[in-house]
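These notes are about the structure you will find just below.
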Amino acid sequence: MIQKDHTKNDLKGSRRLVDFSQLRAARALTGLSQPEVAEAAGVSVPTLKRAEAGGPIKVAEETIEAIAKALERAGVEFIPENGGGAGVRMKKRKR
């Protein structure tokens, strides 16, 4: 389980927003359920589903940022577009 973060820290690395496929992939890497991520991000499950779907109903930038931060706290690192495509990976664990 991941904890809620009530601070306003920026996303690690690039300040650009992550896209829906990165959110979906990041949650899959963590093994967390949609209800777990939604709770940690302070959003509803339907909102998380819309964010992960990337469909015609848009999700506010602040909401995307809250979801991404929750996933970062769970150990995910978002990789910015750098010519090789944007992605996600698990952070290296400190020894």
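The values are calculated or read from the model by the stated rules, or taken from the named source; none is laboratory data. Here the structure is a predicted model, which means the values were calculated and not measured. FYI the Cβ positions are ideal-geometry reconstructions off the backbone, even for glycines, and counts take in every protein chain you see. All accessible areas refer to the heavy atoms of the entire protein, side chains included, with ligands and DNA or RNA removed. Shrake-Rupley method; radii C 1.70, N 1.55, O 1.52, S 1.80 Å.
Descriptive notes on the structure:
One line per residue, one yes/no per condition, for (1) out of contact with any Ser or Thr (no Cβ under 9 Å at 6 or more places or on another chain); (2) among the aliphatic types (A, V, I, L, M):
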| residue | (1), (2) |
| --- | --- |
| Ala38 | no, yes |
| Ala41 | no, yes |
| Ala51 | no, yes |
| Ile57 | yes, yes |
| Ile67 | no, yes |
| Glu72 | yes, no |
| Val76 | no, yes |
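- Considering residues of segment 82-95 that are in contact with an Asp or Glu (Cβ under 9 Å, 6 or more places away or on another chain) and either among the basic types (Lys, Arg) or free of Cβ contacts under 8 Å to residues at least 24 places away in the same chain (or both) only, the residue most open to solvent (accessible area, probe 1.4 Å): Lys92
- For segment 25-56, a residue qualifies if it is surrounded by fewer than 16 Cβ atoms within 10 Å (Cβ to Cβ) and either part of a loop (DSSP other than H, G, I, E, B) or within 10 Å of the chain's Cα centre (by Cα) (or both), and the qualifying residues are Gly31, Ser33, Gly42, Ser44, Gly54, Gly55, Pro56.
- Note on segment 12-62: among residues that are among the β-branched types (Val, Ile, Thr) and at pLDDT below 95, the one that is nearest to Glu81 (Cα to Cα) is Val18.
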